[in-house]
1. Return the sequence-ordered ³J(HN,Hα) values of region 78-90 in whole Hz as given by the Karplus equation 6.51 cos²θ - 1.76 cosθ + 1.60 applied to θ = phi - 60°, using x for Gly and Pro.
2. What order, most packed first, do the peptides 70-77, 94-101, 112-119, 81-88 have when packing is the mean number of other Cβ atoms within 10 Å of each residue?
3. Could you work out the local net charge near P60, counting Lys and Arg as +1, Asp and Glu as -1, over the other residues with Cβ closer than 13 Å to its Cβ?
4. Go ahead and run the numbers for FRET between S104 and N66, Cβ-Cβ distance against an R0 of 25 Å, rounding to 0.05.
5. What FRET efficiency do you get for I59 and Q35 if R0 is 35 Å and r is their Cβ-Cβ distance, rounded to the nearest 0.05?
Amino acid sequence: MRRLLFLAPFGFALLPGQPFGPAPALAQFSGPPPQAGQTQRPPPPALPGLAARRAPEPIPGDPNANLSPTAALFDAINRGDLAAARDAMNRGASLEERNVLGLSPIDAAVDQGRNDILFYLLSARGSVRGSAPPAEASLSPAQRAARD
């Protein structure tokens, strides 16, 4: 009889529909049951405030500054000026150089949250890299002699 009383609480916990059974636990994670004629709302946007957010105005540059293209690119990233970053890239700024902190232009754009400049630099990254070496560059001298 003692054994039966000892095991009784465990038996009740395993029965579905009981107060301690699995039904209440599952019910808390499911939403209310859909009612007839009720339409489901679309999920909210992932970042609700982002649609109405305007990009901040870039900080104006120093008109008297005469910077190298790469220094001008870092300056444009610091100021958040996409037009100046494009101009610096058109003038020949390097994406491989590092600033005083050891960051490349892409790293600096990520670090400062300049997403528009970052996306531009990532898209320009492929065109800035040199073209592929010619097929002849991988040939050994013996292969070149055999070809000629």
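FYI, it's all coordinate maths here, none of it is from the lab. Owing to the predicted nature of the structure, the values given are computational and were not obtained by experimental measurement. We place every Cβ from the backbone using ideal geometry, glycine too, and count neighbours over all the protein chains shown.
1. So the Karplus estimates, Gly and Pro as x, are 4, 7, x, 9, 5, 4, 5, 5, 5, 4, 5, 5, 5 Hz.
2. On the way: 70-77: 22.6, 94-101: 12.5, 112-119: 16.2, 81-88: 18.9.
The most tightly packed comes first, giving 70-77, 81-88, 112-119, 94-101.
3. Values: positive: R79; negative: E57, D62, D75, D81.
For residues surrounding P60, the net value is -3.
4. Numbers: r = 23 Å, r/R0 = 0.92.
After rounding, the FRET efficiency stands at 0.65.
5. Working: r = 54 Å, r/R0 = 1.56.
It comes to 0.05.
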